[in-house]
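Just so it is clear, none of the values below were taken in a lab; they were calculated from the coordinates. Bear in mind that the values here come from a model prediction, so they are computed numbers and not experimental data. Cβ placement follows ideal geometry from the backbone for every residue including glycine, while neighbour counts extend to all protein chains displayed.
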Amino acid sequence: MNYLTEELRSDIKDEFPDIIFEYSEINFGGIIPTFFINIKDEENLTNKWKAITEFIAVHFQSSLRNEFSVWNIYLFFILEQEIKDDLKYIIENDTFSSRKIIIYPNQDVEIIIQEHIKNDDIKIQSIMDFVENQFQPNLNIWKILNEIPYKKKITEDIKNGLDEIIQELKKVESDEV
């Protein structure tokens, strides 16, 4: 662990004394900075997740020089109990600075890494007897496309041509059903 992380650990402890932080660097295609943030309950999470995210962005992420690491920071908010879906949705879909994931119930750090970073739980099956069909263009659509004059902006001709294509595709779709 370098000086920056030791200093960050101390600063985090001062800023958020009631929250337990663990930091880990995962080497998986590059260095992935990972924060495990144990939060007491939903109320604390609601009140502090943005401040924690901003603190890490300003005091840690801004000093990173490795582009891969900058774009692959994970914050795991670990709770003992389930939280409301809307709060989980808001946090996990926030795109500022890092990937944020809510974990409950509390899990082993290695399991979290395997599941959310390395995706070891994904099963990949090969497709047997796959037959690739040769592309067959739809001559009606091709004719419509060739009749549309090329312009940089969408004109009435283009709109009408696209409407015709949609109608043609709907016909093909209804014939298949």
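Could you work out which residue, out of I73, I101, I154, moves most in a Gaussian network model of the chain, that is, has the largest mean-square fluctuation with Cα springs under 10 Å?
I154
For I32, list long-range residues whose amide hydrogen, built 1.01 Å from N in the peptide plane, is under 5 Å from its own amide hydrogen.
HN-HN under 5 Å from I32: I26, N27.
Show the residues, 5+ positions off or on another chain, whose built amide H is closer than 5 Å to the amide H of K100.
When sequence neighbours closer than 5 places are left aside, the close amide H contacts are L75.
Kindly work out what percent of the DSSP beta bridges joining two residues of region 3-116 are antiparallel, to the nearest 5.
Here the antiparallel bridges make up roughly 45 percent for region 3-116.
Per residue of region 60-70, what does 6.51 cos²θ - 1.76 cosθ + 1.60 with θ = phi - 60° give for ³J(HN,Hα)? Whole Hz please, x for Gly and Pro, Karplus curve as stated.
Per residue, the Karplus-derived 3J(HN,Hα) values read 10, 4, 5, 9, 6, 10, 7, 4, 4, 5, 4 Hz.
Taking θ = phi - 60°, what integer Hz values does the Karplus form 6.51 cos²θ - 1.76 cosθ + 1.60 yield along region 165-170, in sequence order, with x for Gly and Pro?
These are the phi-based 3J(HN,Hα) values: 4, 4, 4, 5, 5, 5 Hz.
Using modelled amide H (1.01 Å from N, peptide plane; none on Pro or chain starts), what sits under 5 Å from the amide H of I78, excluding residues fewer than 5 places away?
When sequence neighbours closer than 5 places are left aside, the close amide H contacts are I37, N38, I39, I103.
Each residue of region 84-90 in turn: what ³J(HN,Hα) in whole Hz from Karplus with 6.51, -1.76, 1.60 and θ = phi - 60°, glycine and Pro shown as x?
These are the phi-based 3J(HN,Hα) values: 5, 4, 5, 5, 4, 4, 4 Hz.
Which three extents, in whole angstrom, do the alpha-carbon atoms of region 57-97 cover along their principal axes, largest first?
Largest first, region 57-97 extends 36, 19, 17 Å along its Cα principal axes.
Taking only the alpha carbons of region 125-172, what extent do you get along each of the three principal axes, in Å, biggest first?
47, 24, 16
Using C-alpha positions alone, give me the convex hull volume of region 3-116 per residue in cubic angstrom.
99
What ranking do 20-27, 52-59 get when scored by the average of other Cβ atoms within 10 Å per residue, highest first?
For the peptides 20-27, 52-59, the packing ranking is 52-59, 20-27.
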